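Take a look at the structure set out below.
The values are calculated or read from the model by the stated rules, or taken from the named source; none is laboratory data. Note that the structure is a prediction, hence the values are computed from the model and not measured. Here Cβ is always computed from backbone atoms with ideal geometry, including for glycine, and neighbour counts include all displayed protein chains.
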Amino acid sequence: MNYIVMDLEWNQSTSALGENPRLPFEIIEIGATKLDQKFNITDQFGAIIKPRVYRRLQPKIKEILAYDETYLKTGRPFDVVYREFKKWCGEDIVFCTWGPLDLTYLQQNMDFYYMKQLSFPLKFYNLQEIYAIQKYDDRKQTPSLEKAVSELEIEINAPFHCAKNDAYYTAMIFQKMDHKRLADMYSIDYYHYPTCAEEEIFSQHQNYCEFISRTYETRKEALEDKNINLLRCNKCNKKLSKKIKWFSNNSNTQICVGRCWNHGLVCGKIRFKPARDGEIFVVKTTENIDKKEYLRIQSRQNDLRMKRREKRIHRKH
């Protein structure tokens with residue numbers, strides 16, 4: 001088995017009117033570093049892709065890249081480069097990326113060219129999140145690649161924002177991580193999602209559980225499903241009574257809190273994700289929280305209630 005540390009550079013339309021809805025982000029470079037099971041670097045891959053949809057670089061993207069449109073013309077078509085990349089990766093692999101977007105955009109480009117899908121469900125390592133957990137004890141942090149390289153005192157001998165270089169720097173960070181709990185720290189890509197109950201995904205980790213639902217026509221339908229509505233302990237899977245019932249934290253998220261007598265306070269979070277054809281699916285996570293976080297959530301719920309009450313009073317007058 002090999003780890004494929006992948007990085008992409010992509011371009012987009014210079015105006016909203018020129019955006020292709022099937023391909024909002026067009027990949028212009030694929031870079032990757034291959035590591036064996038002992039985390040030794042064994043090979044590197046890098047290729048420029050000649051754009052087909054967006055031939056002019058978006059100004060902000062052009063600012064950070066080390067090349068321009070003239071250099072992009074020397075590239076090869078996406079489908080040719082991807083097939084070469086796939087062959088280079090081999091069969092028994094796990095993708096690793098800095099953040100969750102690279103795999104999304106890779107699959108988006110594959111769909112645009114009607115190429116065979118990646119495996120489902122697709123597990124990968126989000127090294128940005130793992131680094132944040134190990135460095136800051138907070139997986140919600142999103143440190144830049146440059147910041148992590150600096151903090152680990154990795155030698156900078158090539159420019160950033162080149163996919164091959166960034167993949168190599170990410171691999172160097174990966175080598176310096178604590179790998180003892182790595183098997184528990186995988187993420188699941190959401191680009192392809194369950195379309196029926198039989199495909200639904202449940203993954204249990206040491207500190208949290210994640211459930212990825214089938215598709216629903218409406219949010220109301222999703223919330224009426226007991227698999228979504230129930231709150232269970234992420235440690236023992238026991239059904240919990242709610243100390244704070246589900247409430248809308250924002251337009252796409254709902255939160256609740258329950259108590260497990262063995263494992264303490266448990267926070268449930270529902271995130272509504274857009275699916276094709278106007279449907280939605282749900283990503284539900286459950287994790288332990290402390291009393292301070294419980295009080296923060298309770299305060300948030302009370303603040304939202306007050307705002308709704310004030311709006312109703314304002315409408316009446």
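Taking region 47-99 and the helices (runs of 4 or more DSSP H) fully enclosed by it, the elements with 2 or more residues that are in contact (Cβ under 8 Å) with a residue 40 or more places away in the chain and within 23 Å of residue 169 (Cα to Cα) are at 59-64, 78-89. When we screen 131, 125 for residues that are surrounded by 14 or more Cβ atoms within 10 Å (Cβ to Cβ), out of contact with any Leu (no Cβ under 6 Å at 6 or more places or on another chain) and in a helix (DSSP H, G or I), the only hit is 131.
Of all residues in region 82-97, those that are at pLDDT 95 or above and more than 29 Å from residue 148 (Cα to Cα) total 3. Go through region 5-43 residue by residue and tally those that are among the β-branched types (Val, Ile, Thr) and surrounded by 22 or more Cβ atoms within 10 Å (Cβ to Cβ). Result for region 5-43: 5. Taking the condition assigned to a loop (DSSP other than H, G, I, E, B) and within 30 Å of residue 289 (Cβ to Cβ), does residue 159 pass? The answer is no for residue 159. Select from region 258-270 the residues that are buried (at least 18 other Cβ atoms within 10 Å of the Cβ) and out of contact with any Asp or Glu (no Cβ under 9 Å at 6 or more places or on another chain) and write down the one among them that is farthest from residue 246 (Cα to Cα). So, considering only residues that are buried (at least 18 other Cβ atoms within 10 Å of the Cβ) and out of contact with any Asp or Glu (no Cβ under 9 Å at 6 or more places or on another chain), the one farthest from residue 246 (Cα to Cα) is 260. Of the residues 221, 210, the single one that is outside any strand (DSSP E or B), modelled with pLDDT of 95 or more and either assigned by TED's automatic domain parsing to the domain that holds residue 238 or surrounded by 14 or more Cβ atoms within 10 Å (Cβ to Cβ) (or both) is 221.
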